[in-house]
Amino acid sequence: MKNSTIKLTFLLFVLPVFFSTHTLAQQTVKGKVVDLESQFPLPGVNVKFIDGDFDKGVATTPNGAFKIENVPLGRHQIRFTFIGYKPLVQTIVVNAGREVILNISIEESTAVLEEFEISSNEERTVNNEMAIISAQQFSVEETERYAGSRGDPARMASNFAGVQGADDSRNDIIVRGNSPLGVIYRVEGITIPNPNHFAISGSSGGPLSILNNKFLGNSDFFSGAFPAEYGNSTAGVFDLKIRNGNSEKTEFTGQVGLFGAEFLMEGPLSKKSAASYLVMYRKATLKIFNMLGLDLGTSAIPNYQDFAAKVNLPFEKGGNLSLWAMGGNSNINILISEQTDSTQIDLYGENTKDQRFGTGMLVGGATYTKPLNETSFIKSTTCVNLEQQLSNHDTVSRDPNNWSNVSLAPYMAYNFNKIRYSNSSSFNKKLNKKNTLKVGWVADFTNFSFIDSATTNSSLQTYRNRFNKEGSYFMIQPYLSWKHKFSDDLILTAGLTSLYMSLGDSYSPIEPRMGLKWNVSEKGALSFGMGYHSQTQPLYTRYYINEGNTTAHNEDLGLTYSKHIVLGYSHQLNKNFGLKTEVYYQDLTGIPVETSASAFSLTNAGSGFARVFPDTLNNNGTGCNYGLEVTIQRYFNKNWHALFSGCLYNSRYTPSDGIERNTSFNGIYAANFLAGREFQIKNNTLGLGVKVTGAGGKRKGIVDHVASEDQGEVIFQDAGFNESQFKDYFRFDIKTTYKINKNKVTHEIGVDLVNVTSSKNILSYSYAPNSTPDLNDDVVENYQLGFLPIFYYRIDF
């Protein structure tokens with residue numbers, strides 16, 4: 001396999017270089033500038049390139065638009081200045097095959113400022129004007145630039161301090177020791193279903209993201225004490241933006257690689273009205289590359305497809321209507337019965353069952369925005385969300401004396417469906433230079449159906465319903481946020497929210513949120529945040545029917561709560577280096593635990609492909625997370641960048657037996673080092689990037705071999721649960737790209753070499769019975785992904 005990979009890499013890189021020719025290509029940079037708080041277009045903003053020999057500039061038009069043509073290819077910095085507003089510097093990359101479109105928000109100063117020069121770096125403020133701590137903005141370029149990110153927002157976020165991946169084969173993320181269940185994704189103010197292929201009900205991750213970075217704009221990620229508008233989350237929030245298509249010129253992107261063949265097309269619907277469209281589609285190609293001998297962690301071939309589309313319709317007097325949709329479906333057949341020997345372990349399935357599994361999600365909506373005047377605007381999104389998971393499992397039995405002698409018996413099947421209708425509306429009012437008010441709500445009405453049956457005696461083929469529920473519910477989250485600037489150096493944000501769900505005891509009291517930022521010097525800033533957060537648990541966990549019962553017994557579960565306190569300090573070491581550190585404490589209450597004394601807690605769920613089948617639960621569980629995070633960043637300048645992020649943390653919980661334990665996500669530490677360098681070869685660019693990741697090993701316990709044999713899966717004893725760890729995690733990734741710019745066309749070839757050293761990182765134990773009489777031999781170690789070369793070719797024109 002390695003020889004074929006080397007040959008393919010050679011062809012991908014050498015042939016395009018051989019056939020490329022040098023052309024003096026240029027491109028157009030355009031966009032719009034608005035006020036950060038009111039979103040009102042700003043005329044007369046000075047837009048100017050400030051690097052190298054190219055220093056062309058323009059002023060924005062009465063509707064805030066700007067356009068600069070004949071921009072040389074490569075990386076540039078643009079400065080936006082306007083009297084009375086804080087200056088902003090934006091870094092962009094200009095390629096021959098695509099125009100650069102920017103949506104810029106600048107903040108009004110509390111003092112009267114004249115235009116002036118500032119030093120430049122890549123540190124960016126987030127899109128949400130109410131967020132001043134534990135918040136990061138990320139760009140499409142970052143999801144592509146960082147080695148190992150695979151163009152996936154979640155995998156890219158695992159480079160942030162305090163955030164780490166739970167599993168190489170999935171993109172679940174652990175934020176400050178919390179379960180991935182506490183992470184939500186929002187698009188245009190609406191919480192969307194799990195945006196991943198092969199998603200398990202109630203989870204937030206999966207093996208492959210449906211979110212294609214090519215249709216996303218700059219977006220925000222929050223890891224704690226987030227503003228009041230973000231409800232129903234205790235761990236982290238992705239606030240994603242869908243970009244508009246090019247309103248003046250038709251453009252096309254095509255790409256083929258390990259994870260699919262895809263295209264994206266965008267362009268004007270009407271040049272007179274600046275209306276535009278954007279549409280993309282991707283289809284799996286893993287079957288082709290599996291034939292090359294690449295180890296994907298499974299012998300089964302995953303099938304999937306996804307799409308995204310947006311139509312943007314601007315109106316007179318600043319109103320705008322956008323119609324958008326995204327979705328995908330996936331299926332896989334993991335047939336353990338076809339394995340040829342006992343050493344074969346499937347990373348994605350149970351090693352005693354044939355599994356046929358499929359998922360689907362679809363989100364479609366309309367977003368209307370309208371500046372009412374220079375100080376206020378409204379925004380409203382209405383959409384429908386659909387999601388489905390279905391599966392069929394057969395138990396695999398083998399003759400202990402003849403491995404190839406296999407018998408199958410039906411084990412279980414399920415079909416979970418949800419349809420949710422949502423509205424998110426807000427009103428922003430900029431009262432004056434120092435005060436901004438935002439009020440709004442997020443409301444959902446959901447219909448659901450959970451059907452699941454499993455065998456009670458495979459030989460007699462008798463079954464019982466584990467889930468059998470159809471119903472609906474309503475949920476609403478109103479909020480109020482306020483921002484006050486004592487000065488440009490001292491800013492306060494505060495807010496109130498609440499959450500009501502028409503199921504069980506699911507109503508939160510008023511949840512206060514607060515943030516404070518103080519620029520103690522020209523280079524240093526202190527920040528503080530606190531908040532009271534609530535979240536519902538996965539809906540299906542309410543409706544599990546215990547064996548021997550005919551009705552569900554957890555329908556009255558209440559909310560889980562988390563109190564966040566964060567203290568941070570950031571320091572600009574020089575124009576190219578920045579330091580950021582945060583210390584945090586989180587107190588969790590209302591965690592579902594079993595009513596009988598045990599080590600079970602839902603705080604340990606949320607990663608992997610397994611659902612939860614809980615006994616009778618109550619909300620008496622507790623937990624806490626605390627830690628220290630450090631980020632040192634060398635911003636991209638003079639063709640290179642570097643980033644170190646690290647955290648030391650502790651994540652503990654107390655279940656119904658009263659014994660405090662480590663959570664399943666308590667790795668104690670995690671650290672990343674990333675670096676990248678670009679080499680200009682005429683108009684072409686060679687990019688090299690590396691990433692080194694180290695983290696504490698996965699938690700484990702003492703295997704109960706008798707219970708494991710009875711259940712057909714690994715069961716740990718309560719005693720000593722999560723008190724030991726597998727060996728520490730280590731991974732080294734390398735990414736290489738070569739970008740060829742010709743006249744109005746850009747070719748890009750890339751190879752992302754994941755786990756170059758083939759480190760054997762242990763993920764978990766797996767139950768895999770064999771012919772030996774020793775029960776210890778039936779438990780084997782599951783390893784995370786080994787060496788995986790991810791390659792692609794892309795063309796923009």
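The values are calculated or read from the model by the stated rules, or taken from the named source; none is laboratory data. Here the structure is a predicted model, which means the values were calculated and not measured. A quick note on method: Cβ atoms are made from the backbone with ideal geometry, for glycine too, and the neighbour counts reach across all protein chains shown. Remember, those area values only see protein heavy atoms, side chains included, never the ligands or the DNA or RNA. Shrake-Rupley method; radii C 1.70, N 1.55, O 1.52, S 1.80 Å.
Computed quantities for the displayed model
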| read-out | value |
| --- | --- |
| Residue-averaged 222 nm ellipticity for the chain, from DSSP H runs of 4+ at -39500 (n - 2.57), nearest 500 | -1500 deg cm²/dmol |
| Net lengthening on full extension, Ser449/Asn405 (0.36 nm per residue, minus Cα-Cα) | 12.0 nm |
| Å² of accessible area per residue within region 629-774, as computed with a 1.4 Å probe and no ligands counted | 42 |
| Vicinal HN-Hα couplings computed from phi for region 783-797 (Karplus, 6.51 cos²θ - 1.76 cosθ + 1.60; Hz; Gly/Pro x) | 9, 6, 4, x, 5, 9, x, 10, 10, 7, 10, 10, 10, 10, 7 |
| Along each principal axis, Cα extent of region 531-660, largest first, Å | 68, 28, 23 |
| Sparse-neighbour loop sites [GluC sites (Glu not before Pro); region 654-762; at most 14 other C-beta within 10 Å; DSSP] | Glu660, Glu723 |
| Whole-angstrom gap from region 632-673 to region 474-515, using each part's C-alpha centre | 27 |
| For Phe40, residues with placed amide H under 5 Å, excluding near neighbours | Asp35 |
| Quarter of Cα convex hull surface for region 486-551, i.e. mean projection, nm² | 7.3 |
| Amide H contacts of Val45 (H built 1.01 Å from N, under 5 Å, at least 5 apart or other chain) | Thr60 |
| Backbone HN-Hα couplings from phi across region 202-217 [Karplus 6.51/-1.76/1.60, Hz, Gly and Pro as x] | x, 8, 10, x, x, x, 8, 6, 6, 6, 8, 5, 6, 9, 8, x |
| Accessible area of region 164-251 belonging to carbon and sulfur atoms, whole % at 1.4 Å probe | 46 |
| Size-normalised alpha-carbon gyration radius of region 696-797, reference 2.2 N^0.38 Å | 1.69 |
| Separation in nanometres of the label points that stand 7 Å from Cα toward Cβ, at Lys523 and Thr375 | 4.0 |
| Pairwise centroid distance, computed over Cα atoms, of region 367-381 with region 571-601, Å | 35 |
| Gain on full stretching of the segment that runs from Ser270 to Leu321 - 0.36 nm per residue minus C-alpha separation | 16.9 nm |
| Quarter of the Cα convex hull surface for the chain, i.e. its orientation-mean projected area (nm²) | 31.7 |
| Sequence-distant aspartates and glutamates (8 or more away, or on other chains) whose Cα lies within less than 12 Å of Lys241 | Glu188, Asp220 |
| Entries in Lys272/Lys379; Lys483/Lys523; Lys563/Lys727 that, when Cα-Cα distance is taken, lie over 26 Å | Lys563/Lys727 |
| Gyration tensor (alpha-carbon) shape descriptor, region 160-239, a/c threshold 1.5 | rounded |
| Under 13 Å from the Ala707 label point (7 Å along Cα→beta-carbon), backbone N, region 611-632 | 615 |
| Packing rank of 525-536, 565-576, where each peptide gets the mean count of other beta carbons within 10 Å, highest leading | 525-536, 565-576 |
| C-alpha long axis of helix 2-19 to longest principal axis of the chain, angle in ° | 20 |
